[in-house]
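Visitor: Mind having a look at this structure? Questions to follow.
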Amino acid sequence: MKHKSQKLLEQTLSRRFIFLSLLKGVVIGSISWRLFDLQMIENQKYEKLSDDNQFNYHIIPPERGRILDRQMRLLAGNMDGFSLVLIWNKEQDVDQIIRRISNVIKINKRDIKNFYVQLKNKRNNFPQEILITKNLSQKDVSKLAVRNIEFPEIRFSMSKKRVYPQGIIAGHITGYTGAFSKLDKIHGETATFSGINIGKRGLEKFFDTQLRGKFGRKRNEVTSRGHIVDSQVYEDTKPGKDIQTSLDMRLQAFALERLEKGNYDLISVQNYKIKEQLKNKHDLTLANDKYVYIDKNRKVVYPQTGSIIVMDIENGEILCCVSSPGFNPNIFSNDLDLDQWTKIKNNSKAPLLNRSMSGVYPPGSTIKMAVALAGLESGIIDYKTKFFCEGFKEFGTSNFHCWAKNGHGNLNLMQAIEQSCDVYFYEMGTKIGIDRIALMMKKLGLGEIYDIEIDDSSKGVVPNIEWKLKRDGINWTLGETLNASIGQGYILTTPLQLVTMTSRIANGKYSISPTLIKTHSNKSFKNLNINQEHLKFVRRSMEEVIVGEKGTAKNYKIGTKNIEMAGKTGTVQVVRISELEREKGLIKNEDRPWKKRDHALFVGYAPVSKPKYAISVVVEHGGSGSTVAAPIARDIFKNLFRL
Amino acid sequence: MNFKQNKFATDSLLKIFFLKALKINWLIVFCTIFLGIIGVGALYSAAGGSWDPWAKKHLIRFLSGLILMFIIIFLPTKLFYKFSFLFFITCLIFLIFVKFFGVGNIQRWISFGVINFQPSELMKLGLILVLAKYFDNLSRIQLDKLFPYIIPFILIFLPGFIVISQPDLGTGLTIILLGLAILFYVGISLKFVLFCFFVLICSIPLIWQQLYEYQKNRILVFLNPEIDSLGSGYQIIQSKIAIGSGGTFGKGYLLGSQSRLNYLPEKHTDFIFTLISEEFGFIGSMSIILIFSVLIISIFKVSFKIESFFSKILVFGIGFLFFLYLTLNIGMVCGLLPVVGAPLPLISYGGTSLFTVLIAIGIVLNINLRENRI
């Protein structure tokens, strides 16, 4: 028989037993729910976190495509570069290691600064690789490699460096590459690789995606201590495509030197008198730094600046596109430092400006073919229309002068073009009106941005009545038409537009537009839609400029039986000449300050018998088109036809 | 009759043994063996697919522990009753000894030549034994009063605080919670329980001051693991990542990236459950909990059926010890409880806790066998 208290105890025991069991059930239930929550509901979040732990993605940059000229000569390629990497761990005395390395090879200060920034910003304290420098020469590598035992904590890695073997010669065309800072925009993951370059200018920029190829990814499996357990290529790289340009580097190099030379003489920098003078010359940019140019007084002068473009009139391929002064794109591959950059940027001659496409100049007399064509097409004048030039045209209160002080007398259109008579064009311009002239200019490609493979082209200005009204809110005046008729005033063109205009005149059938890429198939162009007879007449007139007795460029014939050039000179006034100055007598071009000298222009084509190439030459503040620009064009053609 | 009895008595020992063996609670045995095998497998994976350094040792210990367990099954139950106080005192002496002559900078281990062991683990068993004996000796009426509970309180808190001061918060808390649960079970006044609860809450600031710096940190980090994501919060964060990334079916045996790449801390001891969760997913972790639940329920069933008060409390205590092990460990690894250091019985690497658990199961099976016979 059980005692009463015994019964009571049993009752308590079972009650408490049940209570505790319930408690246990609740606890185990909540733990199960927690697991369900972690593993089933929030699974994806934790899976991602686990992946982030496990893998480390690295971008593998593809080999950038090359840029070649029409003969497959290299304009831009890749060279093996060596980087120095520190295998860092907590126990190292970093300063001491850097000091020891500096004793063996020279590391530039910027790299060391960058290295310390990286060291400071590293994400954790696990052993890892930190880049010391990317600019290691073959010599440095062997110096360090010999002392391998002294530096167990460093490693070399190979990388590709962009090189431009042609240097300054085609800098404006190839452009350059530079480091891309926000890589995570291209790829989802945060990239730990810092050596990826993208095109920043020129063809490098325009064809960046083709040249760049496809990035690959390497996936490293890393332990919690940062050791790489496994490394595999996650996505393959695809090397970039090569770009074959239409340039002919032989011609390009020749053109650049010819342009820089102008009518000056070459002299070696070794000459001690020259050395003296060079000390005071800043911002001197030369294609070849062993020689400088001197004028007739044996004073060192800056090389001529300007542009030369040679274009194939059948397919628009540009064989040579020179802008002087230029810059050497290689300096951008070596991690351009600030000093170098400010030096280039602040250079008074603006070497970064691509004068061929972004420089705008008044076309001067080179526009006269367009004005003549506008007159002929409108039917207002014909081949026989004659005007009388007495050296100036009175208009309102002021006189509009011809370049020939004493006038050309009575002449027809062909003679007017041959002798570049301004008065004839004043008379003609007033008759046709600015709108017709502007229309013809646009037809010939002025005031237009072409689909050329370099982005920063200028549009230039082709003024007409509407344009003036829109810009200034003032009506067009007839005096402005007179100025426009001789390519002065508002009108502005780029050298590329001038060569395109010349190509269209020389081609006669199609509206050729320029390209820098070698075209392998026949490109189709729109019809030019100008009367063939008129074009033939204008071309005849351009021939007269060279071969005619009174031609403005008669001194610069190519002079062979088969090949002769045709063209038009242009001398562009940069500052207005006042009536007073004119009476005193004009100051000779050479005696004016450089900035106030005339631009010398020449446009032309060759051979006359069967036009093939068009050219435009612009020499900034070079003087007269006939004595400075025309001989350059002749020499270029001579070189081109290997005469 | 005599003859018969004699015959029965001389009936081959083997037959008696088999008859007894049949009556063993085989469910508990199977659960134990199963968990042990899971432990060996998990440790094999923790070493990156290698028997060394943990899996082989664990297997050997487990097998020898099993033998010990079977020996205990066939010992007379009286023995536990007789030696319970002695066992408790021995454990206590060891604890104090460890406090002064312990191995390592954290004084948990005692060293006998090649064998190192943690007296604090054995203390859990010692406490259950001594409490069971104490309450068994009390008259039923006395249990309703408060006075007789004073000695048990000393028996609980003395070793509890020694262990906490080792410092080992996890084991210490386990000891205290275990003791309190037994007091509650035998019928301590509910009013008193509520009073104690109140006092405990009020004394939290006092306790906080007594805690070691690292223990404070652990609790702070538990409340917000992001405080120190590379330091003490790292364990909780990485453990949660491992469990969560396991998903439904897990990453596959030996394929857990968190454990393989060493992101998991203590993956072979306290955090072994994380490894299983990562490699076998929700299915795997629930299976572990299920097997443990079956084991715990079976033990409680034994306790419920037994008449003897001593055995009842003893088995209940062991069942509750299992429950505490399980919840503290899993609660800790999945971020529900602070990281206090509690092994997962039978699966975690560690000899003393393995032997303690196997001895405890042996005692349960022993009592189950005797009581069945009665």
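Visitor: For the cross-link pairs A:24/B:15; A:113/A:279; A:443/A:561; A:45/A:122; B:124/B:301; A:584/A:638, which exceed 29 Å when the distance is taken from alpha carbon to alpha carbon?
Guide: Long pairs (Cα-Cα over 29 Å): A:24/B:15; A:113/A:279; A:443/A:561; A:584/A:638.
Visitor: Gaussian network model of chain B, Cα springs within a sub-10 Å range: biggest mean-square fluctuation belongs to which of B:146, B:75, B:178?
Guide: Taking springs between Cα atoms under 10 Å, the residue moving most is B:146.
Visitor: Please compute, for peptide B:325-336, the average count of beta-carbon atoms on other protein chains lying within 10 Å of each residue's beta-carbon.
Guide: Values: counts 0, 4, 5, 0, 1, 6, 5, 0, 2, 6, 2, 6.
Average neighbour count from other chains, rounded to a whole number: 3.
Visitor: Follow-up question, since we're still on this one. Which value in deg cm²/dmol, rounded to the nearest 500, describes the helix-derived mean residue ellipticity at 222 nm for chain A, given -39,500 (n - 2.57) per DSSP H run of n ≥ 4 and division by the residue count?
Guide: Values: 23 runs with 230 residues, N = 643.
Mean residue ellipticity, 222 nm, calculated: -10500 deg cm²/dmol.
Visitor: Could you name the lysines in cross-link range of residue A:275, using Cα to Cα under 20 Å and dropping any fewer than eight places away on the same chain?
Guide: Within reach: A:261, A:290, A:296, A:299.
Visitor: Quick check: from the Cα gyration tensor, does region A:249-306 come out rounded (a/c under 1.5), prolate or oblate?
Guide: Values: a/c = 1.96, a/b = 1.79, b/c = 1.10.
Prolate shape, in that a/c is at least 1.5 and a/b is the bigger ratio.
Visitor: Relative contact order for region A:249-306: what percent, with Cα pairs under 8 Å and sequence separation of 6 or more?
Guide: 43 percent
Visitor: Taking 1 over the mean of 1/r across every pair of different Cα atoms in region A:310-640, what Kirkwood radius in Å do you get?
Guide: Computed over region A:310-640, the radius equals 20.4 Å.
Visitor: Using packing as a proxy for protection, rank B:18-27, A:519-528 so that the peptide with the highest average count of other Cβ atoms within 10 Å comes first.
Guide: So the order, starting with the most tightly packed, is B:18-27, A:519-528.
Visitor: Additional query: Check residue A:317: other-chain or 5+ apart residues with amide H under 5 Å from its amide H, H built from backbone geometry?
Guide: Excluding prolines and chain starts, which carry no amide H, the hits are A:312, A:515.
Visitor: While we're looking at this one, here's another question. Please compute, for the alpha-carbon atoms of the protein assembly as shown, the extent along each of the three principal axes and give them in descending order in Å.
Guide: 163, 60, 56
Visitor: What number in nm² do you get for chain B if you take the convex hull of its Cα atoms and divide its surface by four?
Guide: 21.3 nm²
Visitor: Past the 31 Å Cα-Cα mark, which pairs from A:238/A:612; A:368/A:595; A:386/A:557?
Guide: With Cα atoms farther than 31 Å apart: A:238/A:612.
Visitor: Give the lysines whose C-alpha is closer than 17 Å to that of residue B:267, dropping any in the same chain fewer than 8 places away, or say none.
Guide: Leaving aside lysines fewer than 8 places away in the same chain, those within reach of residue B:267 are B:56, B:57, B:240, B:251.
Visitor: Which of B:32, A:133, A:223 has the fewest other C-beta atoms within 10 Å, and how do the rest follow up to the most?
Guide: So the ranking, lowest neighbour count to highest, is A:223, A:133, B:32.
Visitor: Of A:355, A:225, how do they rank once you tally other Cβ atoms within 10 Å and put the fewest first?
Guide: A:225, A:355
Visitor: Additional query: Output the relative contact order of region A:1-142, whole-number percent, from Cα pairs under 8 angstrom with separation of 6+ residues.
Guide: Relative contact order, region A:1-142: 23 percent.
Visitor: Could you run the Karplus curve 6.51 cos²θ - 1.76 cosθ + 1.60 with θ = phi - 60° over region B:215-221 and give me ³J(HN,Hα) per residue in whole Hz, x for Gly and Pro?
Guide: 6, 4, 4, 4, 6, 4, 5
Visitor: Here's something else I'd like to know. What does the average come to when, for each residue of peptide B:234-244, you count the partner chain Cβ atoms lying within 10 Å of its Cβ?
Guide: Other-chain Cβ atoms within 10 Å of each residue's Cβ, averaged: 5.
Visitor: Taking the Cα centroid of region B:45-80 and of region A:254-318, what is the distance between the two, rounded to the nearest whole Å?
Guide: When both Cα centres are located, 93 Å separates them.
Any read-out appearing in this document is the output of simple, stated calculations on the displayed coordinates, not a laboratory observation. What you are looking at is a predicted structure, and each value in this text was computed from that prediction instead of being measured. All Cβ positions, glycine included, derive from the backbone under ideal geometry; neighbour counts span all protein chains shown.
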